[in-house]
1. Looking only at residues in region B:222-241 that are out of contact with any helix residue (DSSP H, G or I) (no Cβ under 9 Å at 6 or more places or on another chain) and assigned to a loop (DSSP other than H, G, I, E, B), which one is surrounded by the fewest Cβ atoms within 10 Å (Cβ to Cβ)?
2. Considering each residue of region B:164-174, count those that are outside any loop (DSSP other than H, G, I, E, B) and either within 13 Å of the chain's Cα centre (by Cα) or within 11 Å of chain A (Cβ to nearest Cβ) (or both), and give that number.
3. If I filter region A:231-249 down to residues being surrounded by 18 or more Cβ atoms within 10 Å (Cβ to Cβ) and farther than 17 Å from A:Leu54 by Cβ, which single residue comes out as farthest from the chain's Cα centre (by Cα)?
4. Please return the ranges of helices (runs of 4 or more DSSP H) entirely within region B:1-108 where 2 or more residues are over 17 Å from the mean Cα position of the chain (by Cα) and within 14 Å of chain A (Cβ to nearest Cβ).
5. Looking at (1) at the interface with chain A (Cβ under 9 Å from one of its Cβ atoms); (2) in contact with a strand residue (DSSP E or B) (Cβ under 7 Å, 6 or more places away or on another chain), find the lone condition where B:Met161 falls short.
6. Name the one entry in B:Asp221, B:Asp238, B:Asp162, B:Asp243 that is of a type in the set (Asp, Glu), in contact with a Phe, Trp or Tyr (Cβ under 7 Å, 6 or more places away or on another chain) and either in the same structural domain as B:Thr13 (by TED's automatic domain parsing) or closer than 23 Å to B:Pro44 by Cβ (or both).
7. Regarding region B:212-221, can at least one residue be identified that is touching an Asp or Glu at 6+ places or on another chain (Cβ under 7 Å) and surrounded by fewer than 22 Cβ atoms within 10 Å (Cβ to Cβ)?
8. Inside region B:114-139, can you point out the residues that are facing chain A (nearest Cβ under 9 Å), assigned to a helix (DSSP H, G or I) and not hydrophobic (A, V, I, L, M, F, W, C)?
Amino acid sequence: MSSADDTIAAPATSARRKASWWQPRAWLVELVPFIVGIAIWQALSSANIWPRVLFPSPLEVAQTFVADTLSGVLLVNLAVSLKSLMLGFVAGCIVAIPLGYLMGLHRISRNFFDPLVNLLQAIPGLAWIPFAILWFGLGQGAVVFIIVMSVFFPVLHNLLTGIRMVQPVLIEAVQTLGAGRVAVIRHVIFPATLPNLMTGIRLGIAFGFRSLVGGEMIASTDGLGYAIFNAQQYFQSARIVVGMLAIGIVWLIMDRMLLRPIEVRTTLRWGLIRDGLDKH
Amino acid sequence: MPDILTATGVSKTYFDMHEGHDVLALNGISLSLAAHEFVSVIGPSGCGKSTFLRIVAGLERPTAGEISVSGRKVIGPGADRGMVFQEYALLPWKTTEANIEFGLRLKRVPAEERRATTQRFVDLVGLNGFEKKYPHQLSGGMRQRVAVARVLANNPAMLLMDEPFAAVDAMTRQRLQEELASITAHERTTVLFVTHAIDEAVFLSDRVVALSGRPGRIVADIRIDLPRPRRWERVMNDGRFADYRDRLTQSIHGGHAHGGHA
């Protein structure tokens with residue numbers, strides 16, 4: 001019995017290509033769009049089309065960034081914002097993920113919660129600001145609450161979609177291998193829903209960021225959102241940009257250090273998702 | 001020798017959403033499989049052959065009739081009736097090895113025994129060197145080998161196969177058929193195999209059961225007396241192969257069947 005002439009599909013080589021993703025050259029390639037973006041920005045500001053206060057230059061922004069980093073203001077605001085975001089994200093997931101599996105796997109629960117979830121998910125997280133302030137007062141509590149309300153629905157919704165997309169034949173196959181309900185959930189449902197759960201988490205964090213900034217502008221006296229809002233009052237436009245970029249950079253770091261490694265180890269490795277259509 | 005499978009008067013009616021009424025898919029199927037027997041069920045599409053297999057697996061319930069495997073009535077799926085599907089149905093998050101030992105893990109077989117059994121079946125289906133690969137890194141033929149090994153390693157009373165080679169290319173299909181014939185003969189596996197390909201059924205089986213077009217009922221049950229081990233170049237040149245094939249073709253499409261397929 002031989003399998004010698006049975007060809008192996010492309011992924012044997014593409015696995016090697018995936019590994020190279022972490023090597024320095026790949027990082028340099030990734031920097032190119034940022035360098036181009038900054039160059040265009042610099043060119044536009046050198047052209048002096050708009051007043052400085054409306055369109056700060058990259059150099060001014062860099063100077064403000066260094067100054068705010070050295071004075072510690074930036075880090076303090078960053079720490080406050082990250083703490084709110086993480087608290088809100090974790091709390092949102094702690095409720096959304098178990099509820100998602102419960103609704104996905106238990107018909108009575110689904111029938112009960114589905115109308116409520118549908119009604120509430122149309123309400124933007126920011127619409128909860130008035131109640132958040134009434135219930136928690138101005139400050140971090142209110143901001144965290146708004147983030148919870150923003151993270152909850154994308155996570156839940158994507159998880160439910162993931163459960164609906166599980167191939168029945170996988171469940172049937174393991175049932176004929178002796179799997180009962182618990183084994184089916186553990187060995188089929190959980191891993192099969194991971195790609196959608198990751199999408200939900202990504203969206204959840206992105207929605208969380210929006211609410212974080214909006215919430216801090218209205219309901220808080222510190223954090224990046226407050227810093228941006230406050231800088232506008234004093235026409236410190238470079239500081240506004242520093243705040244905006246800080247948010248973007250924090251997102252990139254979270255994506256690369258947290259979400260991306262999880263995907264490389266799971267859904268990408270299992271062939272459930274791919275980096276792009278060009279890779280095969 | 002005691003029968004492994006006994007089906008008595010198995011019928012299946014289901015509600016067709018599009019047509020808006022009940023459809024009789026299977027009509028009173030009675031069938032027995034002796035231990036170590038390889039039996040194929042053939043029939044035109046829509047004759048309910050896959051439905052019958054799924055009822056044996058316990059994945060669907062019959063509207064009437066009863067199935068017993070090893071003397072126990074079938075009430076749901078179980079490890080005694082392992083199934084191989086056309087679409088492989090391997091767990092994408094498990095390597096070749098982990099897929100094959102899956103059933104043994106569920107049974108809490110001790111690690112050492114589990115590893116030995118897994119390695120034996122990796123060898124048996126010729127997947128040495130691919131133990132650590134994930135399904136998406138394997139070709140269709142190799143995936144189906146893993147699926148067969150996964151069921152056999154679990155030591156079921158019978159192996160159920162639902163058109164397992166329909167999705168692979170013709171060359172690979174012939175080789176997989178030869179491998180399956182030799183593995184099941186070697187392991188003395190009791191097999192219930194569903195296909196629409198008459199050649200495949202004759203090549204593999206000790207017995208071929210033909211169903212009529214919907215509603216499926218048994219129109220022929222023919223013993224295949226071809227020598228084993230079976231190799232395509234030998235079987236094809238055996239005059240009896242053509243005879244069996246012609247008889248089965250006639251019984252499916254010919255006058256025996258009421259409402260037979262065109």
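The values are calculated or read from the model by the stated rules, or taken from the named source; none is laboratory data. Being a predicted model, the structure only gives us computed values, none of them experimental. Heads up, the Cβs are rebuilt from the backbone with ideal geometry, glycines too, and the neighbour counts pull from every protein chain shown.
1. B:Asn237
2. So the count comes out to 2.
3. By that ranking, first place goes to A:Ala246.
4. Output list reads B:96-100, B:102-106.
5. Failed condition: (1).
6. B:Asp162
7. No.
8. Those that are facing chain A (nearest Cβ under 9 Å), assigned to a helix (DSSP H, G or I) and not hydrophobic (A, V, I, L, M, F, W, C): B:Asp123, B:Pro135, B:His136, B:Gln137.
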